[in-house]
Each structure stands twice: as C-alpha cells, then as structure tokens.
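Peer 1: One structure, pasted below without further comment.
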Amino acid sequence: MASGGYGALDPDAAGSTARSGGDTSGLRTALAGLTTRGRSFLAAGVAAAVCAYVLGQSDLLRVGLLLAVLPLVCAGVLYRTRYQVTGSRRLSPARVPAGTEARVHLRMDNVSRMPTGLLMLEDRVPYVLGPRPRFVLDRMEAGGRREVSYRVRSDLRGRYPLGPLQLRLSDPFGMCELTRSFFAYDTLTVIPRVEPLPPVRLSGEARGYGDGRHRSLALAGEDDVIPRGYRYGDDLRRVHWRSTARHGELMVRREEQPQRARCTVLLDTRGGAYQGAGPGSAFEWAVSATASALVHMLERGFSVRLLTDTGSAVPGEGTDGFTGSVSESADAAGLMMDTLAVVDHSDAYTLAAAHDVLNGGNEGLLVAFLGDLDEEQAEIAARMRRRSGAAVAFVLDSEAWALPPGSPT
C-alpha cells in the first residue's frame with residue numbers, strides 16, 4: 001500500500017477463529033504441525049509404551065504415556081488457541097527507481113483480551129527482491145503492538161507483490177507449530193532509472209513556458225469576453241459589469257491562459273529491434289532514457305505524452321494523450337512511470353501505428369528512442385519528422401550492446 005497509512009488485514013487469518021478445531025481436518029492440521037521435537041517425543045512415548053507392555057513394566061508405561069500425550073496436548077491447545085491478531089504493511093516509498101532500496105514496515109496488533117505466546121512472522125517477497133524476511137516477536141500483551149521493518153531492492157523494473165503475511169504459532173515446549181496466513185498483499189512498483197538531463201534549447205519551447213512564451217486571450221474584444229463566476233481572492237478590477245448585470249451575480253473576466261508546448265516521447269518496443277536481455281541491454285537503456293526524457297520535459301513545462309510503436313498513448317486518449325494542466329503533471333508522470341515499469345517487447349514489426357497517431361500535424365516536439373531500423377522503418381521514421389514541429393531521434397545499435405565488454409566494435 002502507499003506510504004501514507006496502514007491497511008488492516010484479515011484478523012481471523014491468524015488462525016484465531018478460522019476453524020472450530022473439532023473436525024477431522026482440524027485434527028490432521030494440528031498433528032501435521034508437530035515439530036521434530038514433538039514427533040520425537042511421540043515416537044519415544046509409543047516405543048516406551050510398547051516395551052512396557054512386552055516387559056510388563058507399569059512404571060515404564062506411565063513414562064511412555066506421558067511422552068506420547070505431551071505433544072498431542074500441546075498440538076490441541078495450540079490449535080484451539082483463539083488469538084485475535086491483525087497485521088498491516090506500509091511501503092516507503094511504494095514506487096522506487098531500479099537499484100534503489102525501499103523499506104517495508106510491518107505492524108502486528110493484538111486485539112484480543114489475552115496475551116499471545118511467541119510469534120514468528122514471515123513475509124512473502126519475490127526472489128528478485130531478496131531473501132524472505134523472518135522475525136521473532138516476543139509475547140504481546142492484550143492490546144499490545146509490535147513493529148518491524150525490512151528493506152527490499154531490485155535491479156529489474158516491474159511490479160512485485162509483497163505478501164501475504166504468515167504467522168507461525170508455537171507452544172511453550174516447542175512441540176508444535178502452526179502457520180496462519182493473512183490474505184491481503186501490497187505491490188511495489190520498480191520504475192526505470194531516471195538520469196538528470198542538461199538544460200538545452202529545444203524547438204517549440206517558445207510556445208510553452210519561458211521567455212518566448214505565447215499567451216492567448218479568452219477572446220479578442222471587450223464585448224466578446226467569456227466571463228466566469230467570481231471566486232474569493234479575484235481582483236475586483238477584472239469584474240465584468242455587463243455580464244454581472246446579465247447573470248445577476250458577480251462575474252469576472254477569465255485570465256489569460258498560457259499555451260503549453262507539446263512533446264511526444266516515442267519508445268520503440270518491437271521485439272525484433274533489440275538484441276540481448278537484462279538490466280544492461282539496449283532495450284532497458286531505451287526505457288530508462290524514455291523515462292528520463294519524460295521527466296525532463298515535464299520539468300520544462302511541456303505537455304507530454306508517452307507513445308509506443310503500437311500506437312498506445314499515455315496518459316490517455318481523452319486529451320489527445322497529452323498531460324493536462326500543470327497540476328495534473330505529477331499524476332501523469334506517475335502513470336507514465338507505472339507504464340514504463342511493466343512495458344515489454346511488442347509483437348509489431350513496423351512503426352506504422354505510431355506514425356498514424358502522429359499524423360495530426362500539431363504534435364509539437366518529438367523525441368524518439370528507436371531500435372534497429374531497416375530501410376522501410378527508416379522511411380516511416382523520417383515521415384514522422386514531417387508530422388512534428390521538431391524531432392530528435394536516438395537510434396540504438398543493439399548488436400553493439402550485445403557484445404561482451406572489451407570486444408571490438
């Protein structure tokens with residue numbers, strides 16, 4: 001879950017009230033939880049009882065019964081113990097760049113009126129995030145709380161599920177252990193690495209924010225002004241009295257609206273355009289470069305969209321795929337980063353779908369990261385240039401990326 005708060009898991013998942021303990025399946029579950037010590041005691045007790053019966057030793061029979069009954073009693077008591085334990089997980093942060101650590105905070109609360117015994121807590125994590133964390137929690141008093149944390153790290157981008165939590169209950173003698181699982185889990189999103197880019201003069205920047213920005217008035221003439229309702233804090237000098245008299249409420253002239261320059265960042269995901277795999281492959285470099293370009297252009301005040309060779313645009317088609325106002329840029333950046341976190345090779349063989357999306361002729365700046373191109377795809381890429389105000393393309397030689405270090409190119 002997000003780093004802002006906790007979410008309660010199923011309180012019964014810790015085995016407190018999940019079963020009544022009187023059915024056959026419950027008995028089998030309890031016996032299956034016997035530890036090596038418990039099984040040894042049970043085997044020794046049975047052996048002692050058999051020997052006592054053969055030799056006619058009543059004292060040995062008592063010892064054998066004690067050894068055999070003790071693990072069975074521990075298993076039964078442990079299975080019927082009604083702990084009310086809730087668990088929660090908090091990720092800090094929930095979205096991290098590849099190669100960066102995130103911390104997972106776990107909290108256990110005893111909501112019952114009786115103290116718990118020794119609890120062993122385990123959280124399930126994918127192998128790429130590191131070893132499975134395990135913790136030993138001492139006795140929790142009624143209404144008590146325990147908090148632990150661990151770190152995860154991945155060099156591979158993606159979305160990784162964390163959980164569910166598992167509690168292992170043990171009796172004081174160590175004869176039996178029962179495992180109970182919670183049901184909820186959270187997702188850690190590992191986004192591509194973002195490298196800071198140097199500020200350079202870009203074509204089309206004059207229509208965005210900067211010294212050469214253009215502004216468009218609501219309408220040209222005084223009589224054609226489109227007013228809006230008065231809001232607290234508006235300058236009274238912008239009150240439009242004619243509209244106020246017409247509508248019967250205070251109306252003000254709209255402020256001049258800045259026109260944000262547009263930028264399309266194109267990522268070529270064709271499977272045949274790249275060679276190699278892994279964090280150091282050409283495709284992963286292209287994904288990381290795309291993420292860096294998106295963040296850089298958003299910081300420069302551009303209205304940005306992410307486009308792939310399949311023609312899909314992010315953040316969406318509702319606004320031609322571009323980000324909306326400046327206040328929406330953060331949400332749009334998160335959406336595009338989440339998309340890049342799971343983007344994979346496509347089955348497409350051509351860039352025609354992306355070219356069709358760019359045929360509007362008002363796409364602003366185009367920044368493209370392309371894999372290997374044949375003559376036909378190079379021609380399509382060249383036509384994309386004519387559909388945009390300006391274009392910058394990075395063409396990767398995937399064969400050079402696939403060579404081992406130190407090999408001649």
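Peer 1: Find the residue count for the stretch 227-256, including only residues that are surrounded by 14 or more Cβ atoms within 10 Å (Cβ to Cβ), at pLDDT 80 or above and of a type in the set (D, E, K, R).
Peer 2: The qualifying residues number 1.
Peer 1: Looking only at the stretch 266-325, count how many residues are buried (at least 24 other Cβ atoms within 10 Å of the Cβ) and of a type in the set (Lys, Arg).
Peer 2: 1
Peer 1: Those residues that are open to solvent by 70 Å² or more (accessible area, probe 1.4 Å) and closer than 30 Å to residue 191 by Cα, I need them from the stretch 132-146; list them, please. Break it down into steps so the answer makes sense when it comes.
Peer 2: Step one: filter the stretch 132-146 for residues open to solvent by 70 Å² or more (accessible area, probe 1.4 Å), giving 132, 134, 136, 138-139, 141, 145.
132, 134 - these are the residues of the stretch 132-146 that are open to solvent by 70 Å² or more (accessible area, probe 1.4 Å) and closer than 30 Å to residue 191 by Cα.
Peer 1: Restricting to the stretch 147-159, name every residue that is surrounded by fewer than 19 Cβ atoms within 10 Å (Cβ to Cβ) and either out of contact with any helix residue (DSSP H, G or I) (no Cβ under 8 Å at 6 or more places or on another chain) or under 16 Å from residue 279 (Cβ atoms) (or both).
Peer 2: 147, 148, 149, 150, 151, 153, 155, 156, 158
Peer 1: Would you say residue 183 is touching a Cys at 6+ places or on another chain (Cβ under 7 Å), touching a residue at least 12 places away in the same chain (Cβ under 8 Å), of a type in the set (A, V, I, L, M, F, W, C) and open to solvent by 60 Å² or more (accessible area, probe 1.4 Å)?
Peer 2: Taking the combined requirement at face value, the residue does not satisfy it.
Peer 1: While we're looking at this one, here's another question. Taking residue 53 as meeting all but one of (1) among the aromatic types (Phe, Trp, Tyr); (2) over 30 Å from residue 183 (Cβ atoms); (3) assigned to a loop (DSSP other than H, G, I, E, B), write down the number of the exception.
Peer 2: With (1) among the aromatic types (Phe, Trp, Tyr); (2) over 30 Å from residue 183 (Cβ atoms); (3) assigned to a loop (DSSP other than H, G, I, E, B) applied to residue 53, the lone miss is (3).
Peer 1: Oh, and also: Within the stretch 307-409, which helices (runs of 4 or more DSSP H) (wholly inside it) include 3 or more residues that are modelled with pLDDT under 80?
Peer 2: On the way: elements: 329-342, 352-357, 375-387, 398-402.
Hits in the stretch 307-409: 375-387, 398-402.
Peer 1: Additional query: Does the stretch 346-365 include one or more residues that are in contact (Cβ under 8 Å) with a residue 12 or more places away in the chain, touching a helix residue (DSSP H, G or I) at 6+ places or on another chain (Cβ under 7 Å), more than 14 Å from residue 311 (Cβ to Cβ) and surrounded by 15 or more Cβ atoms within 10 Å (Cβ to Cβ)?
Peer 2: The answer is no, given that none of the residues of the stretch 346-365 is in contact (Cβ under 8 Å) with a residue 12 or more places away in the chain, touching a helix residue (DSSP H, G or I) at 6+ places or on another chain (Cβ under 7 Å), more than 14 Å from residue 311 (Cβ to Cβ) and surrounded by 15 or more Cβ atoms within 10 Å (Cβ to Cβ).
Peer 1: Test each condition in (1) touching a Leu at 6+ places or on another chain (Cβ under 8 Å); (2) open to solvent by 50 Å² or more (accessible area, probe 1.4 Å); (3) modelled with pLDDT under 85 for residue 78 and report the one that comes out false.
Peer 2: Just one mismatch for residue 78, condition (2).
Peer 1: Among the candidates 165, 129, single out the residue that is surrounded by 13 or more Cβ atoms within 10 Å (Cβ to Cβ), at pLDDT 90 or above, in contact with a Leu (Cβ under 9 Å, 6 or more places away or on another chain) and closer than 22 Å to residue 29 by Cβ. Explain how you work it out, then say what you get.
Peer 2: Numbers: 129 fails: closer than 22 Å to residue 29 by Cβ.
Within the list 165, 129, the selection yields 165.
Peer 1: Residue 27 - would you say it is in a helix (DSSP H, G or I), of a type outside the set (Gly, Ala, Ser) and modelled with pLDDT of 90 or more?
Peer 2: Spelling it out, it is not the case that residue 27 is in a helix (DSSP H, G or I), of a type outside the set (Gly, Ala, Ser) and modelled with pLDDT of 90 or more.
Results for (1) at pLDDT 90 or above; (2) not aromatic (Phe, Trp, Tyr); (3) not in a helix (DSSP H, G or I), shown as yes or no for each residue.
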{"site": "9", "(1), (2), (3)": "no, yes, yes"}
{"site": "12", "(1), (2), (3)": "no, yes, no"}
{"site": "18", "(1), (2), (3)": "no, yes, yes"}
{"site": "68", "(1), (2), (3)": "yes, yes, no"}
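The values are calculated or read from the model by the stated rules, or taken from the named source; none is laboratory data. Computed from a predicted structure; not experimentally measured. Neighbour counts run over all protein chains shown; Cβ positions are idealised from the backbone, glycine included. Ligands, DNA and RNA are excluded from the accessible area calculation, which covers all protein heavy atoms including side chains. Shrake-Rupley method; radii C 1.70, N 1.55, O 1.52, S 1.80 Å.
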